[in-house]
Amino acid sequence: MRDRLLSLLTRLVWALVIAAVLGALTGWIVAQSLHIPQVDQITAFQPASATRVLAADGSTLATFAIERRIVLKPEEIPNNLKLAIVATEDADFYHHGGVDPAAILRAVLYSIKEGRLGAHGGASTLTQQLARNFFRMHERTLRRKLKEMFLAIDIEKRLSKDQILTLYANLIYLGHGAYGVEAASRLYFGKPAKELTLAEAALIAGMIQNPERRWSPLRNPKGAIHRRNYVLDRMRQLGFITPEQCEAAKKAPLGASLHRPHYSTGSFFVETIRQRIEKSYGTDTLYSGGLTVRTTLDPGLQRAAERAVHEGLVGLDMSLGYRRPDNIVTEGLAEKPGDWEAPSWRDLVFEPGAMVHAVVLEASRRKARLRIADRHAVLGLAGARWTGTRSLRRILKPGDLVLVRLPDPLPKDEAADLKVTLLQEPAVEGALIAMDNSTGAVRALVGGFDYSRSEFNRAIQAKRQCGSAFKPFVYMTAFQQGFTPADTLLDAPFLLPDAEGNLTYCPKNYYPKYFGITTLRRALEHSYNATAVKLQQLVGGDAVVATARRFGISTPLHPYATLALGALEVRLVDLVQAYAGIANLGEAPEPRFVTEVDDRDGRTLERSYPTLHRAMPPAVSYLMVHVLEGVIKEGTGVRAAGLPAHLAGKTGTTDDYTDAWFLGFSPRLTVGVWVGRDLKKRIGKRMTGARAALPIWIRFMSDYLATLDDSARREAFPVPAGVVFTPVDYFTGLRAIPSCPKVILEAFLDGTEPSESCSDEWHRIIKLPWPFQLPYYTPRPGEPMPTPEAIAVADERLTDTEDAAKPAR
């Protein structure tokens with residue numbers, strides 16, 4: 001009996017071994033014949049996820065992705081959401097090994113009854129769905145089903161239940177471009193998945209089988225609520241929640257709406273980041289690598305910069321006169337004005353006082369009706385007063401695309417007409433950069449009026465003549481060579497060789513006159529061109545080029561006489577870097593846009609730190625800061641004198657008023673503004689840097705200063721060692737005496753203060769016209785002086801006041 005039992009057990013063991021071998025062999029043969037993919041792919045898989053670009057405060061500026069997905073770790077998915085998915089898709093998930101035989105049997109019987117394969121879709125376990133979605137197997141065939149089952153069994157052997165559920169939750173499509181539960185949570189509820197309520201989690205889980213239409217809360221709210229309640233009932237039946245929790249969640253409102261991320265600021269900055277990341281890491285990583293890119297941008301300052309540029313350009317363009325707007329009907333964009341949708345309306349947020357595009361529907365003498373997205377607006381004659389028209393019908397017609405300002409405040413009734421005022425889409429362009437002086441961090445960047453109309457980044461890509469904004473490099477070179485702000489030169493006509501070597505070039509000032517004996521301070525504060533060119537001749541053009549290079553000017557420079565007047569092209573970002581170096585007492589910072597790049601797992605791929613290089617000794621740089629403070633106190637930048645802070649800067653204007661600039665700084669921040677046209681044409685008559693660019697700078701700096709506390713606003717420029725102050729006469733630069741009409745406290749390098757005192761005789765001489773000052777003036781070695789030929793050329797040119805206004809200021 002015992003031997004018989006032992007023999008029976010031996011045979012049973014052999015039978016099991018043979019069955020296992022045959023089963024494994026059969027499984028291998030079937031797997032080979034079905035060409036089942038390798039499960040190793042899924043264990044090493046990381047779902048494609050978006051690259052996020054973050055501002056300095058951690059807020060999201062933009063995302064770059066092919067699929068809108070944010071990958072979560074197992075612990076980041078709330079338990080309610082996990083249980084809701086299990087209750088909806090696979091109630092036995094935690095009990096089967098990848099395939100549910102009972103569910104398969106039910107599906108087979110139902111398919112036989114219906115007479116078609118796959119008539120019942122409930123046979124697939126959650127693991128099978130994961131295999132199907134991962135390997136993109138969506139054909140409805142028996143072969144696909146067998147593949148799916150083998151894969152599911154293999155997946156269950158390699159991954160834990162929590163890993164499988166996490167992969168599933170990150171992969172599933174949940175409608176309207178959202179992949180994964182985190183993207184869906186943000187899209188429908190505007191918050192991360194970890195903050196979802198029970199009702200919200202049930203709604204998302206219920207969408208899985210038909211997210212676009214049948215169970216979409218956006219397209220079928222009633223159906224979505226019905227499905228959500230079904231999920232809650234299933235969770236109650238399975239013991240996942242209590243009956244009380246179920247009933248409370250059922251009473252919750254739908255609560256879902258479209259929460260598309262609205263990135264309305266920083267388009268030019270974001271594009272700069274996109275190009276930089278794509279160049280460093282490649283296109284695939286940019287769009288699917290899940291990088292986190294931390295940047296230097298300050299969202300508040302960015303909004304202020306965009307407001308300043310928009311308001312400044314619109315106001316400037318309106319001052320140049322009314323222009324007929326584009327018409328969408330005559331240009332063939334639409335048959336009727338009511339049929340057209342402006343691109344700017346796609347993400348339009350109605351904000352009090354905002355500038356928006358509108359289409360004219362009809363116009364009469366005193367009133368015009370307009371459309372703004374899905375709302376109507378009314379423009380009265382008073383709202384177009386600046387055009388000078390007496391009839392709106394004369395300046396507007398149906399189909400015109402115009403820029404208008406929304407009322408402030410907006411009407412509470414959203415169906416009410418909006419009473420708007422007429423603006424004008426500017427034909428001029430502008431750019432602005434704000435940079436931290438000590439770190440080079442770019443805090444705000446505007447590359448043009450509207451990124452949607454032109455992606456060309458004028459703040460970084462454009463190379464334009466900068467006019468007198470270049471002069472500080474000439475004066476700093478002079479200060480380094482021993483000149484002081486109180487030294488004098490004769491501002492008078494003189495001749496220099498032209499490109500062919502002939503003595504024909506005579507520098508002329510903005511105003512049709514020369515100013516005679518003048519201090520270097522006064523010459524820079526009031527932007528005398530003849531003095532700047534003469535000073536460059538004395539210090540050497542090559543030395544000026546070297547100074548500009550050390551401060552960060554990267555474009556080609558040549559030691560021509562006109563270099564002193566900014567005749568060669570530069571980039572705004574380079575000038576801002578250079579002026580930040582002046583403000584930083586000679587240490588020029590490298591511009592920084594990105595502070596850190598992390599991969600999808602939080603590992604840091606790169607981290608940047610401030611990089612500065614010494615371009616000029618601190619004491620010499622301070623002399624330049626002190627003189628540029630005078631530009632704002634009483635020079636060409638005097639419009640900014642009312643700002644409550646220590647500020648310094650310089651205007652710049654080019655020939656024929658094609659480019660207008662203002663570069664200025666506080667002890668902490670440097671801001672540069674350029675205004676002009678993309679084609680080198682005149683902005684407008686006498687549109688100098690002070691008239692076209694400085695108002696934008698003032699508007700931005702006002703907003704910036706408002707963010708600082710009183711002590712920060714009162715912060716003065718630090719005075720380095722080696723600088724001393726001496727009272728001097730403003731006009732002669734000599735040591736002040738009691739009878740001097742204007743005395744200033746001038747900065748000098750220690751030991752370079754003037755030894756000669758002013759006198760009443762010098763007061764008399766300084767008031768004389770420049771030709772009568774010649775007997776009293778001692779020229780410096782090599783200083784170009786007036787000649788009869790120079791005076792003749794100057795007299796000829798100064799008779800044409802319009803031509804005399806050409807040089808930069």
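The values are calculated or read from the model by the stated rules, or taken from the named source; none is laboratory data. Only a predicted model underlies this, so the values are computations on that prediction, with no experimental measurement involved. Because the Cβ atoms are built from the backbone with ideal geometry, glycine has one as well, and the counts that use them run over all protein chains shown. Areas reflect the complete protein model, heavy atoms only, side chains present, ligands, DNA and RNA absent. Shrake-Rupley method; radii C 1.70, N 1.55, O 1.52, S 1.80 Å.
Assess whether residue 425 counts as being of a type in the set (Asp, Glu), open to solvent by 10 Å² or more (accessible area, probe 1.4 Å), touching a residue at least 60 places away in the same chain (Cβ under 8 Å) and over 29 Å from residue 593 (Cα atoms). Answer is yes for this residue.
With the structure loaded, tell me whether residue 375 is crowded, with 17+ Cβ neighbours inside 10 Å, under 18 Å from residue 405 (Cα atoms), at pLDDT below 95 and not β-branched (Val, Ile, Thr) or whether it fails that test. Yes; evaluated as a whole, the condition is true for this residue. Of the conditions (1) modelled with pLDDT under 95; (2) under 11 Å from the mean Cα position of the chain (by Cα); (3) open to solvent by less than 30 Å² (accessible area, probe 1.4 Å), residue 282 satisfies every one except a single condition; which number is it? The one condition residue 282 does not meet is (2).
The set of residues in segment 294-326 being charged (D, E, K, R), over 30 Å from residue 56 (Cα atoms) and open to solvent by 10 Å² or more (accessible area, probe 1.4 Å) consists of 323, 324, 326.
In this structure, does residue 484 turn out to be part of a loop (DSSP other than H, G, I, E, B) and β-branched (Val, Ile, Thr)? Yes: the conditions hold for residue 484. Applying the criterion of being modelled with pLDDT under 60 and part of a loop (DSSP other than H, G, I, E, B) to the residues of segment 74-119, the residue that is surrounded by the fewest Cβ atoms within 10 Å (Cβ to Cβ) is 115.
Checked against (1) in a helix (DSSP H, G or I); (2) free of Cβ contacts under 8 Å to residues at least 40 places away in the same chain, residue 532 passes all but condition (2).
Considering only residues in segment 392-418 that are farther than 13 Å from residue 361 by Cβ, among the charged types (D, E, K, R) and part of a loop (DSSP other than H, G, I, E, B), the one that is nearest to the chain's Cα centre (by Cα) turns out to be 408.
Yes or no: residue 347 part of a loop (DSSP other than H, G, I, E, B) and at negative phi? Even if it seems obvious, please write down each step before you answer.
On the way: part of a loop (DSSP other than H, G, I, E, B): yes; at negative phi: yes.
Answer is yes for this residue.
Every listed requirement among (1) open to solvent by 30 Å² or more (accessible area, probe 1.4 Å); (2) more than 20 Å from residue 712 (Cβ to Cβ); (3) of a type in the set (A, V, I, L, M) is met by residue 641 save one, (2). Is at least one residue of segment 504-513 part of a helix (DSSP H, G or I), touching a residue at least 24 places away in the same chain (Cβ under 8 Å) and either under 29 Å from residue 773 (Cβ atoms) or among the hydrophobic types (A, V, I, L, M, F, W, C) (or both)? Checked segment 504-513: no residue is part of a helix (DSSP H, G or I), touching a residue at least 24 places away in the same chain (Cβ under 8 Å) and either under 29 Å from residue 773 (Cβ atoms) or among the hydrophobic types (A, V, I, L, M, F, W, C) (or both). Is it the case that some residue within segment 484-491 is open to solvent by 10 Å² or more (accessible area, probe 1.4 Å), under 20 Å from residue 771 (Cβ atoms) and either of a type in the set (Phe, Trp, Tyr) or at pLDDT 95 or above (or both)? Yes, segment 484-491 contains at least one residue that is open to solvent by 10 Å² or more (accessible area, probe 1.4 Å), under 20 Å from residue 771 (Cβ atoms) and either of a type in the set (Phe, Trp, Tyr) or at pLDDT 95 or above (or both). Among the residues of segment 457-483, those identified as over 29 Å from the mean Cα position of the chain (by Cα) and either open to solvent by 10 Å² or more (accessible area, probe 1.4 Å) or free of Cβ contacts under 8 Å to residues at least 12 places away in the same chain (or both) are 480, 481, 482, 483. Of the residues making up segment 585-610, those that are within 22 Å of the chain's Cα centre (by Cα), in a loop (DSSP other than H, G, I, E, B) and of a type outside the set (D, E, K, R) are 591, 593, 608, 609, 610.
Which one is nearest to the chain's Cα centre (by Cα) among residues in segment 644-663 that are crowded, with 22+ Cβ neighbours inside 10 Å and farther than 20 Å from residue 685 by Cα? By that ranking, first place goes to 663. The set of residues in segment 591-601 being over 13 Å from residue 296 (Cα atoms) and touching a residue at least 12 places away in the same chain (Cβ under 8 Å) consists of 598, 599, 600. Residue 330 falls short of the stated requirement of being open to solvent by less than 30 Å² (accessible area, probe 1.4 Å) and either more than 32 Å from the chain's Cα centre (by Cα) or modelled with pLDDT under 90 (or both).
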